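Structure first, then comments.
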Ligand SMILES: *Cc1c(COP(=O)(O)O)cnc(C)c1O
């Protein structure tokens with residue numbers, strides 16, 4: 001572009017005020033903060049100016065001022081749309097991983113969602129005893145439900161299981177030694193590592209045994225005057241198989257009694273129901289673990305339990321009472337929305353069959369193959385309705401889904417999937433486009449096909465998903 005042309009183009013560029021006076025921009029100003037709109041207009045104009053000066057702009061000097069304004073408004077609208085979009089937004093989980101930590105783990109039941117809505121929109125008796133008018137405990141209802149469902153003597157709920165472990169260790173073993181098997185020094189995604197949490201709590205880790213084998217004698221030999229506790233950690237996200245020997249919680253309880261030491265079990269994903277009749281691996285339930293007699297048991301609220309993020313601590317009153325008095329409890333306390341959602345979730349468990357029907361995590365774990373297949377064929381037909389055969393091919397197949405969330409790592413759940421083979425782009429490109437779409441979709445790529453696992457997709461999402469795939473392919 002000649003210098004003359006550039007100058008002409010620059011003169012045609014509307015001013016910030018001119019853009020702000022445009023009808024469509026005025027409408028944006030009514031719906032969104034002025035600072036956002038102003039920022040968008042300035043960014044678009046700066047970009048245009050840069051384009052003209054570098055000669056890269058496609059705008060010709062003959063362009064009419066109104067046309068230029070129209071174009072700038074158009075671009076501003078696009079920038080504003082992105083700027084006002086919440087960062088945390090809906091994702092359609094087509095990975096089949098039921099407890100996907102990156103996707104927010106458990107979905108709440110309808111009753112739990114309603115309970116959250118009520119305490120979020122209204123004042124509540126969070127810390128008020130309505131009978132006496134005196135100060136009440138935010139944990140009271142949860143304690144009653146948890147002890148009656150599990151048979152535990154007492155209960156406490158904190159922010160998450162990591163906080164539960166930290167609080168328990170800090171209360172019962174600060175400045176003293178805790179004995180753990182080398183086979184149980186787990187890392188749970190993110191940054192939860194047993195040795196590091198232990199260090200943070202002020203307790204000293206004493207490792208015993210070998211990775212694959214730890215005998216009761218290994219614990220006995222390590223016990224000394226400094227020992228405060230015997231800790232058992234569920235190896236949530238991995239399994240040691242083959243030539244192995246784990247000292248059970250029951251055996252640890254026996255040793256604990258011999259030496260008058262408390263025993264704690266970090267269960268990771270505590271589970272209240274035995275779902276082996278649905279073909280799931282037989283894992284001891286929280287009730288069974290408590291039956292073996294440990295002093296403290298901790299697990300997550302948003303893993304297999306299917307509730308909100310929380311750390312649930314069950315056990316002997318002596319230790320729970322001590323934890324309640326620890327100042328750390330205040331720092332890791334749960335908020336009212338968690339209390340509401342957890343109470344509603346626990347109430348579902350008062351009727352096992354209803355729990356399986358109402359709690360999304362349990363529904364997804366137990367849903368039968370026939371339903372998944374039917375869902376897959378429905379998705380395929382929706383996809384064929386919105387998409388041309390020349391753009392992609394869709395096939396319904398059998399697949400395997402994982403539980404996720406560090407729970408049941410060896411479980412292979414038979415599922416139904418729709419495999420998408422795009423013709424003009426790679427499966428990886430389709431995956432990336434779906435991730436950036438709205439709503440975003442997360443699927444997995446396998447042999448240059450995008451796999452959509454129906455286990456974690458609800459019937460009400462099928463049309464939305466088909467449309468998202470169509471947009472991503474176009
Ligand atoms: C998941 C898990 C944790 C951490 O629980 P969060 O609720 O995510 O804090 C701790 N220990 C074990 C064994 C786990 O599986």
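Specify the residue that is farthest from residue 457 (Cα to Cα); the eligible residues are those in region 93-103 that are in contact (Cβ under 8 Å) with a residue 60 or more places away in the chain and surrounded by fewer than 23 Cβ atoms within 10 Å (Cβ to Cβ). Spell out the reasoning first.
Kept after step one, since they are in contact (Cβ under 8 Å) with a residue 60 or more places away in the chain, are these residues of region 93-103: 93-101, 103.
Add one more test, that the residue is surrounded by fewer than 23 Cβ atoms within 10 Å (Cβ to Cβ), and what stays is 97, 100-101, 103.
Numbers: 97: 10, 100: 13, 101: 16, 103: 13 Å.
That would be 101.
Is at least one residue of region 296-312 more than 12 Å from the ligand (Cβ to nearest atom) and closer than 26 Å to residue 198 by Cα? Before the answer, list the steps.
Here is the first cut: in region 296-312, the residues more than 12 Å from the ligand (Cβ to nearest atom) are 296, 306.
Checking the rest, the ones that are also closer than 26 Å to residue 198 by Cα come to 296.
Yes - at least one qualifying residue is present in region 296-312.
For (1) surrounded by 22 or more Cβ atoms within 10 Å (Cβ to Cβ); (2) without any contact (Cβ under 8 Å) to a residue 12 or more places away in the chain; (3) under 21 Å from residue 309 (Cβ atoms); (4) assigned by TED's automatic domain parsing to the domain that holds residue 271, each residue gets a yes or a no:
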residue: 139; (1), (2), (3), (4): no, no, yes, yes
residue: 149; (1), (2), (3), (4): no, no, yes, yes
residue: 153; (1), (2), (3), (4): no, no, no, yes
residue: 176; (1), (2), (3), (4): no, no, no, yes
residue: 183; (1), (2), (3), (4): yes, no, no, yes
residue: 195; (1), (2), (3), (4): no, yes, no, yes
Being more than 11 Å from the ligand (Cβ to nearest atom), under 19 Å from residue 295 (Cα atoms), out of contact with any strand residue (DSSP E or B) (no Cβ under 9 Å at 6 or more places or on another chain) and at pLDDT 95 or above is true for just one of 170, 181. Which residue is that?
170
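From the residues in region 62-87 that are in a loop (DSSP other than H, G, I, E, B) and free of Cβ contacts under 8 Å to residues at least 60 places away in the same chain, which one is surrounded by the most Cβ atoms within 10 Å (Cβ to Cβ)? Even if it seems obvious, please write down each step before you answer.
From region 62-87, those in a loop (DSSP other than H, G, I, E, B) are 62-64, 85-87; that's our starting set.
Adding the requirement that they be free of Cβ contacts under 8 Å to residues at least 60 places away in the same chain leaves 62-64, 86-87.
Details: 62: 10, 63: 16, 64: 9, 86: 6, 87: 4.
Of everything passing the filter in region 62-87, 63 is surrounded by the most Cβ atoms within 10 Å (Cβ to Cβ).
If you check 106, 140, 94, which single one turns out to be touching a helix residue (DSSP H, G or I) at 6+ places or on another chain (Cβ under 8 Å) and either within 16 Å of the ligand (Cβ to nearest atom) or modelled with pLDDT under 95 (or both)?
Details: 140 fails: touching a helix residue (DSSP H, G or I) at 6+ places or on another chain (Cβ under 8 Å); 94 fails: either within 16 Å of the ligand (Cβ to nearest atom) or modelled with pLDDT under 95 (or both).
That would be 106, the only listed residue that is touching a helix residue (DSSP H, G or I) at 6+ places or on another chain (Cβ under 8 Å) and either within 16 Å of the ligand (Cβ to nearest atom) or modelled with pLDDT under 95 (or both).
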Of these, 191, 201, which one is closer than 26 Å to residue 301 by Cα, within 15 Å of the ligand (Cβ to nearest atom) and more than 23 Å from the chain's Cα centre (by Cα)?
201
From the options 214, 227, residue that is touching a residue at least 40 places away in the same chain (Cβ under 8 Å) and crowded, with 16+ Cβ neighbours inside 10 Å:
227
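Yes or no, residue by residue, for (1) touching a helix residue (DSSP H, G or I) at 6+ places or on another chain (Cβ under 6 Å); (2) touching a residue at least 60 places away in the same chain (Cβ under 8 Å):
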residue: 407; (1), (2): no, yes
residue: 410; (1), (2): no, yes
residue: 423; (1), (2): no, no
residue: 437; (1), (2): yes, no
residue: 459; (1), (2): no, yes
residue: 465; (1), (2): no, yes
Say we look at region 104-115 and pick out the residues that are assigned to a helix (DSSP H, G or I) and buried (at least 20 other Cβ atoms within 10 Å of the Cβ); which of these is nearest to the chain's Cα centre (by Cα)?
112
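Within region 416-427, does at least one residue satisfy the condition of being touching a strand residue (DSSP E or B) at 6+ places or on another chain (Cβ under 8 Å), farther than 18 Å from residue 277 by Cβ and at pLDDT below 95?
Initial filter on region 416-427 (touching a strand residue (DSSP E or B) at 6+ places or on another chain (Cβ under 8 Å)): 416-423, 427.
Those still in the list that are farther than 18 Å from residue 277 by Cβ too: 416-423, 427.
Next cut, at pLDDT below 95 only: 423.
Yes, region 416-427 contains a residue that is touching a strand residue (DSSP E or B) at 6+ places or on another chain (Cβ under 8 Å), farther than 18 Å from residue 277 by Cβ and at pLDDT below 95.
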Result of the Cβ filter at 7 Å on region 1-19, keeping first residues that are under 12 Å from residue 53 (Cα atoms) and partners that are outside any helix (DSSP H, G or I), at least 6 apart or interchain, is 1/55; 5/61; 8/61; 9/57; 9/59; 9/61
Qualifying residue in region 9-22 (condition: farther than 22 Å from residue 80 by Cα and crowded, with 16+ Cβ neighbours inside 10 Å):
yes
Tally the residues that are in contact with a helix residue (DSSP H, G or I) (Cβ under 7 Å, 6 or more places away or on another chain) and without any contact (Cβ under 8 Å) to a residue 24 or more places away in the chain, restricting the search to region 251-274.
0
Just checking, how many residues over region 316-338 are within 16 Å of the ligand (Cβ to nearest atom) and under 24 Å from residue 273 (Cα atoms)?
1
Looking only at strands (runs of 3 or more DSSP E) that lie completely in region 387-474, which have at least 3 residues being buried (at least 21 other Cβ atoms within 10 Å of the Cβ)?
392-401, 413-422, 449-453
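The values are calculated or read from the model by the stated rules, or taken from the named source; none is laboratory data. It should be emphasised that the depicted structure is a prediction, and the values quoted were computed from it without experimental measurement. We place every Cβ from the backbone using ideal geometry, glycine too, and count neighbours over all the protein chains shown.
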